[in-house]
Structures are given as structure tokens and as C-alpha cells.
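Worksheet: one structure, shown below.
No lab work stands behind these numbers, since they all come straight from the coordinates. Just so it is clear, the model here is predicted, and its values are computed rather than measured. Cβ sites come from the backbone with ideal geometry, for glycine too, and all protein chains shown count toward neighbours.
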Amino acid sequence: MDKTIADKYQPVIGLEIHAQLSTLSKIFAPDSGEFGNMPNTNVSAITLAHPGTLPKLNKKVVEYAVKMGLACGCTINRYNFFDRKNYFYPDLPKGYQTTQDKAPICKGGGIRIHVNGQQKIIRLNRIHMEEDAGKNLHLSGETDTLVDFNRAGVPLIEIVTEPDIRSSEEAFEVLTEIRKLVRYLDICDGNMEEGSLRCDANISVMLKGADKFGKKVEVKNMNSIRNVQRAIDFEINRQIAELEKGNEIFSETRHFDTVNFTTHGMRTKEELNDYRYFPEPDLQPVVISEEWLDQIKKSMPPLPWQLYEKFAQQYQLPSYDIHVLTETKEMALYFDELCSKTTHYKAASNWLMGPVKSYLNERTMTITQLNLATDTLAQLIELVESGKVSFAMASQKIFPELIISKNKTPLQIAEQLNLIQESNTDAIKPIVDEVLAKYPEKVKEYRAGKKGILAMFMGEVMKQTKGKADPKVATKLLQEVLDA
């Protein structure tokens, strides 16, 4: 689309994110909520809504919802009740969904994101608890629809943002941050591919400077964060194109095509009165006491934004490093512990983002599976930073040996492999003189202004010393002789 036309409009976006909670059983029944089991095996009389069955609330669901609310700075509703949402769900046997309407467990709060180096807080409208529906299966070549009720009754929290998002990039960051939060809190695995984290986007456009939002369209069926971004970009361009033609935007639900990256209409958007909410008569209200709330607060782990601020202020790390290190809670906590054993914070970051991350990626491991204590890695970092061994030798020779040699220190391995750097100028100077004498024409070129040749001389010195010359000492000696 022509940028001049696109710049006339302001996108307005809100997200509705469903996080499937990692409880052992469902929200109102003892059935397992485990993903990947054979169809219709995680079911009971309660899940199938047999006459005479009654639901019983899973306490862990409330705890997990409160944790998410605390992480987002929400106000926690102490008196909670559930409602019936009367809407035809072919994959929910009851024919209605048990959810929260007027009194969600969490109100307000926000999600901190960083876009183009700037922090922005996207306000939340609410977080509420509800049950998931089952899954309709449409097999290739079959005219019938099959229904798997395994997912029916699996606990969800729905996180609803205010319409504060102004671009697909911001939406991408919001969803990324929410996925990071639920993983830090250990309340959801965040796997969009498996459907445990799902997102619907409400998208509208309006002329810049207008005081009224445009008609919103809800887009569903997005199975990755990148696809959420693609769907939003497509829908923004589609709506602008329609408005430029003089057409009206209809409030509707649209489906995202993950092959062509386009959207197409499914149905007109329902209004709230279509759902006919009323209080769930089979469930008692839930009161969250001060004592219970305090227990939940004490169980909260460090949050991504808290670690972001600590790594930026206390360890003086650049933004890129912090984003990489806080991607998972395990990596962030390992780094934080490592920094309590060394003051070389940037070097510690480089080690985790470099050799350590490469080692883990090659073996599809996580940092929790790494057989390397932070004390040991701190000692290795000190060897490099003090000039006793080169980074190349430390990462290529000592680091792999430390993984398999539990009882040896980095210094012992360095000495055993004869990797201690030579820092004595009297020992390195003759080698420098020998290298320069070997390449008199290159020396002339250097002195004529071709300073890049210094790297070639350094390579020769390192070759002669089998990599044991201290690079700083060797560089200094080379420059002293060449610049004389």
C-alpha cells in the first residue's frame, strides 16, 4: 500500500489472549488436562455434563489467575463468582460456558513493552477465569465433523487489553511479553502451536486526529506470534483500502488463513446481549482472604521487567543482551547468580549468549540441564579477563573439558593442556622481531599507512607461539616496533 495513504490512518488494536493453565486437572472436574492424549480419554460424567453432576472449582486455577494479576499490577477482586455464557458451543457438552462476566478476578494493570528503544505500558481491561471448549476435527475427505472433548473444561485465563496498541509490532511485543510472563510464573507453557496460548485481535483504523474509533473486526485462528503480526498487517491494509474506496467496514469475526496470510469473513460480530450472561447457580462464590493473597505474593518469582531493570541498572548491560538473557526465567536466574560470583558482567553476558548458548542449542538443552556451576564459569571468566588464557582457548578447549571434568578447576585444565598465555615481554619480543624480519615488504606497507596489516602480523605471532602469546602484550610490542 502507498505509504502516503497508509499514513493518513491510525490503527487501533486490542488483544484477547487465552492462556491454558498448567494444572493437573480441569477447572471444575478431576479429569486430566494433559495435551496430546487419545481423543475423548480425558473425560468424565462432569465434563460430558451428564444430568445430576455438579462442578467443583479447582483452587489452583484461582491461585494461578491471581499470580498473573499480580505480575501485571492488577487489582485483585477478593469476592469472585462465575457466570454462564449462553452461546452455542458444539464442542462444549453443557451448551454454555462457565466464565466470569461482571466481576473478573483481576482488573486494570498493564503490560510493559519496549518498541524502538522506548518503554510503553499497554493497559489491561481485565483477566478472568473460564473453561475451555473441546475441539472440532475436520478430517481430509470427510463430510462429518468429529469432536474431541479432551480440552473441554481445561482451565483458562483470558487476558484482555485496552485498545492501546497502535501497530502490529506493538502487538507482537505484547504477546511475547505475556508468553514470557506465564512461563516465568509456571502457570502455562505458552506453546501457541499446541493451542495452550491463543490470541484474538480486535482491529480497527481511523483517520489520524479523529476522536472516534472505527468499526472493529475480530481476527481468529492465529497459531504463532508472527502470524498475529501478519494478520494485523493484512487487516489494517484491507480496512484502509475499503475506506479509501468509500466502503463501510462491518463489525465481524474473520478467519486468518495461515497459508496465504489473508483474512476472510466468518460471521457477523456478536453483541454482549447475545450471550445472555447470568450467575452460575451451581458454584459458590470464592473469597480470597488476606492470608491466601499474602501466600501467593510470597511465592512469586522475579518478573521479567524486574530483571530487565536490574540487569540495566546494576550490571549496565545493553538492551540487546538483556532481551536475550531474560528470554527464559532459567537463563535470567543463572546469569543473575553468575553475576554474584564475578564483577565482569559484560563478559558473563557474552559467555552465556556465545559459547554457552551455542552448546545448549547444538544439544537441544536448557540451561537447567547444563552441568556447569556458576562458580566454575566465574573462575573461567576470571582466567580470560586477567589475561591468563585467551577467550578462544577458554571457549574451545577449557569450556568443553569443564562440562565432563567435574573435579577440575578451569586453571587446572588450562595448565594441563598447556594453555596459559605468555605475558612476559622478554619472551614475546624476540618472536615479534622474527616475524617482522620475515616480512620486510609488509612492514614498509604498514609504515606507508596500511595499518590493517597489523592483524596479519598478530596472526603470525600467535602461530609462532601456538596461541599462547597474550594478544594485548603482543599487539603493544608490534606497534612499538612498527611505529618506531
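I need Ser358, Ser25 ordered by Cβ neighbour count within 10 Å, fewest first.
The fewest-first ordering by Cβ neighbours comes to Ser358, Ser25.
What ³J(HN,Hα) values, in whole Hz, does the Karplus curve 6.51 cos²θ - 1.76 cosθ + 1.60 give for segment 382-387 when θ = phi - 60°, with x put for Gly and Pro?
5, 4, 6, 5, 7, x
Of Cys106, Cys74, how do they rank once you tally other Cβ atoms within 10 Å and put the fewest first? Write down the numbers at each step before the final one.
Numbers: Cys106 26, Cys74 22.
By the 10 Å Cβ count, ascending: Cys74, Cys106.
Taking 8 Å as the Cα distance limit and 6 or more residues as the minimum spacing, I'd like the relative contact order of segment 3-291 as a percentage.
Working: 640 pairs, mean separation 70.2, N = 289.
In percent, rounded to a whole number, it is 24.
Of Ala455, Leu436, Leu477, which is farthest along the charge dipole of segment 425-482 in the positive direction, counting Lys and Arg as +1 and Asp and Glu as -1 at C-beta?
Working it through, the farthest residue towards the positive pole turns out to be Ala455.
Per residue of segment 85-98, what does 6.51 cos²θ - 1.76 cosθ + 1.60 with θ = phi - 60° give for ³J(HN,Hα)? Whole Hz please, x for Gly and Pro, Karplus curve as stated.
Computed from phi, the couplings for segment 85-98 are 9, 8, 8, 6, 10, x, 10, 10, x, 5, x, 8, 10, 8 Hz.
If amide H atoms are built 1.01 Å from N in the plane of the peptide, which residues on other chains or at least 5 residues away come under 5 Å of the amide H of Tyr277?
Asn86
Using per-residue counts of other Cβ atoms within 10 Å, averaged over each peptide, order 292-299, 219-226 from highest down.
Working: 292-299: 12.6, 219-226: 17.9.
Averaged packing, sorted descending, gives the order 219-226, 292-299.
Which of the following values of Kirkwood radius over Cα pairs in Å was calculated from the structure shown: (i) 24.0; (ii) 23.1; (iii) 26.9?
(iii)
What are the residues whose amide H is under 5 Å from the amide H of Cys188, where those residues sit 5 or more places off or on another chain and H is modelled from the backbone?
Result for Cys188 returns Ser22.
Taking θ = phi - 60°, what integer Hz values does the Karplus form 6.51 cos²θ - 1.76 cosθ + 1.60 yield along segment 314-324, in sequence order, with x for Gly and Pro?
7, 9, 6, 8, x, 4, 4, 4, 5, 4, 5
Taking H placed 1.01 Å from N in the peptide plane, check which residues at least 5 places from Cys106 or on another chain put their amide H under 5 Å from its amide H.
Asn77, Ile127
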